[in-house]
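Inspection log for the structure reproduced underneath, given as structure tokens.
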Amino acid sequence: MTIRSMERTDLDAVTALYERVVRPGAVTPSPELRAWFERVVFDHPSTDPELPSLVAVESGALTGFLASHPRRLQIEGAPARLACSGQLVVDPVARRRATGALLLRTYLDGPQDLTITDGATELVRAMWERL
């Protein structure tokens, strides 16, 4: 498995995985979902190439992703970078290989000064606590 920065060329695979895992039953991802991911992951004014969204790739297939929503802030008057972990979605088969934990560990190991999440399931909360 390879964990790497998400690229625009991954958007179709990311939205397909999201639809399959988060909204099961959908046949094809909506163009609006793809546009939303593109807007918040790549085109948002606070996008930081050093704090990218991440994807997991196994045997050429995208099996997981973690969306990054970086922000700039000040801590006691000094500039700082905040990494806000967003959607963490993993193919159900890849879950058995700890893909989600590997994505999150890679994200937490980034160059940011502070890392938070905007919400988490009990499983994701447990991963945060362990990591």
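Let me make sure I get this right: for the range 1-58, a, b and c are the square roots of the gyration tensor eigenvalues over alpha carbons, sorted descending. Under 1.5 in a/c it's rounded, otherwise prolate if a/b > b/c, else oblate. Which is it? Don't skip to the end; give the middle numbers.
Numbers: a/c = 2.65, a/b = 1.32, b/c = 2.00.
Because a/c hits 1.5 or more and a/b fails to exceed b/c, the range 1-58 counts as oblate.
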*Using a simple spin-label model with points 7 Å from Cα along the Cα→Cβ vector, what separation in nm is obtained for Thr2 and Leu123?*
2.6
_Under 13 Å, Cβ to Cβ, from Val55 - net charge with Lys/Arg +1 and Asp/Glu -1_ = -3
*If amide H atoms are built 1.01 Å from N in the plane of the peptide, which residues on other chains or at least 5 residues away come under 5 Å of the amide H of Ser68?*
Ser53, Leu54, Gly86
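Please compute the Kirkwood hydrodynamic radius of the chain from all pairs of different C-alpha atoms, in Å with one decimal.
So the Kirkwood estimate lands at 15.1 Å.
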*Just add up the charged neighbours of Glu38: K/R +1, D/E -1, any other residue whose Cβ is under 12 Å from the Cβ of Glu38.*
-2
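Is the C-alpha gyration tensor of the range 55-131 telling us rounded, prolate or oblate? Criteria: a/c under 1.5 is rounded; beyond that, a/b larger than b/c is prolate, otherwise oblate.
Prolate, because a/c is 1.5 or more and a/b exceeds b/c.
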_Among Ala16, Thr47, Thr99, which residue has its Cα furthest toward the positive end of the charge dipole of the chain, with +1 on Lys/Arg Cβ and -1 on Asp/Glu Cβ?_
Thr99
_Most to least accessible of Trp36, Trp128 (protein chains only, probe 1.4 Å)_ = Trp36, Trp128
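Near Asp113, within a Cβ-to-Cβ distance under 15 Å, what is the net charge of the other residues, with Lys and Arg +1 and Asp and Glu -1? Write out the running numbers ahead of the final one.
Numbers: positive: Arg71, Arg72, Arg81; negative: Asp48, Glu50, Glu76, Asp109.
Around Asp113, the surrounding residues sum to -1.
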*Output the relative contact order of the chain, whole-number percent, from Cα pairs under 8 angstrom with separation of 6+ residues.*
23
*Unit charges at the beta carbon, dipole of the chain: most positive-side option, Thr121, Gly110, Phe65*: Thr121
*When only Cα pairs under 8 Å and 6 or more residues apart are kept, what is the percent relative contact order across the range 60-131?*
32
*Quantify, in whole percent, the carbon and sulfur part of the accessible surface of the range 31-131 (1.4 Å probe; protein heavy atoms only).*
54
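The values are calculated or read from the model by the stated rules, or taken from the named source; none is laboratory data. Here the structure is a predicted model, which is why all the values come from computation and not from measurement. Glycine gets a Cβ as well: all are built from the backbone with ideal geometry, and neighbour counts include every protein chain shown. Just the protein is used for accessible areas: all its heavy atoms, side chains included, with ligands, DNA and RNA removed. Shrake-Rupley method; radii C 1.70, N 1.55, O 1.52, S 1.80 Å.
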